[in-house]
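Quick notes on the structure that follows.
The values are calculated or read from the model by the stated rules, or taken from the named source; none is laboratory data. Owing to the predicted nature of the structure, the values given are computational and were not obtained by experimental measurement. Ideal geometry is used to build each Cβ from the backbone, glycine not excepted, and the neighbour counts take in all protein chains shown. Remember, those area values only see protein heavy atoms, side chains included, never the ligands or the DNA or RNA. Shrake-Rupley method; radii C 1.70, N 1.55, O 1.52, S 1.80 Å.
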Amino acid sequence: MDLGFHLAYLNFDSGAEQLGPTLARTARDAEAAGIKRLTVMDHFWQIHAYGPPELNMLEAYTFLGFLAANTKTALLHTMVTGVVYREPGLLAKAVSTLDVLSGGRAGLGIGAAWNEEESRGLGIPFPPIAERFERLEEAIQIALQMWSESDAPYDGTHYQLGRTLSVPATVSQPRPYLIIGGVGERKTLRMVAKYADASNWFASADFPHLIDVLKGHCDAVGRDYATIEKTAQNRIDETTTRDSLLRELERLRGFDIRATYFSSPLSDPARVVDLLGSVAAEVAEW
């Protein structure tokens, strides 16, 4: 099982003026400790799960580029980009740029978006949920086409691209890692079965039920369920110990979770790195 550090909380003891040095050190230390994945939120304001919107938040793809420059092996992606935040052609180009410059370590994490408050706040269109799901599927199709050998036009309901050219080609083969966030049974998991390398679920999810639903969608589209990586989002707080962390990872292992991404509200990210690093070698063998 891979461990990931999801850098969602950025109000560190070192202060906002030291975010760059603190995050650079954290990324290097996490990689050295055996943490295989580094992810960031794609939000413009902090979300309520971690505090008020006035807390620190960084633009996601600038942040990922910074992490790429300070790491050598970690997989890098958002958890996850809201489809309405960027035009799909620009989004696919941003991920391919990250992939080339990182030596093939970029992924695209994407979902239908949910945070209307920040979207309205910054003047970003936030259409009804049915349209957001339509846009999500079109955006995935556009990204996959741009990462292929085709530069043909794309003519969708919501997006029209005259030429899906993206040069240089991605280093990742056959393309960057694609993970879809969310547990919607009718639409999200169907898109996972149809397009994605991985699905991300909260650690508190009803795994047996979601597995059954995803298997049903795989059967319907002719996809081998075993080719889809199941991942989980979890949290470390002041009460987390090495033993409790191992127990939780063992539980997730029982559902064939192949990667677990941990966020934390702790103001010292080194504590998270130390804790994850204390179990990384052991769980890597699972």
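Structure values in brief
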item	result
Between helix 129-146 and the chain: long-axis angle, C-alpha atoms, 0 to 90°, nearest 10	90 degrees
Residue with peak Gaussian network fluctuation, the chain [Cα springs, cutoff 10 Å], from H209, H77, H43	H209
Sequence-distant residues sharing a close amide H with L178 (under 5 Å, placed H)	L108, D197, A198
Förster radius 35 Å - calculated FRET efficiency between A220 and L101, Cβ distance, rounded to 0.05	0.40
Cβ-placed point charges (K, R +1; D, E -1), dipole of the chain about Cα centre in debye, nearest 20	440 debye
Region 176-269: C-alpha gyration tensor shape, a/c 1.5 cut-off, then a/b vs b/c	prolate
Modelled FRET efficiency - R0 45 Å, E282 with T62, Cβ distances, 0.05 increments	0.85
Rounded percent of accessible protein surface that carbon and sulfur make up, region 198-260, 1.4 Å probe	49 percent
Solvent exposure of region 131-199 as accessible area per residue, Å², 1.4 Å probe	47 Å²
Hz values of 3J(HN,Hα) by residue in region 24-33 - Karplus curve (6.51, -1.76, 1.60), Gly and Pro given as x	4, 5, 4, 5, 5, 5, 4, 4, 5, 7
Nearest-ten-degree value, helix 60-69 long axis tilted from longest Cα axis of the chain	60 degrees
Simple label model, 7 Å out from Cα along Cβ direction - R271 to A130, nm	4.7 nm
Whether region 13-102 is rounded, prolate or oblate, judged on the alpha carbon gyration tensor where a/c under 1.5 counts as rounded	oblate
Projected area, mean over directions - the chain, Cα convex hull, nm²	14.5 nm²
Relative contact order of the chain, pairs being alpha-carbon contacts under 8 Å that are 6 or more residues apart, as %	22 percent
Alpha carbon centroid spacing (whole Å) that separates region 1-62 from region 83-100	20 Å
Cα→Cβ-extended label distance, 7 Å offset, between R251 and L165, nm	5.3 nm
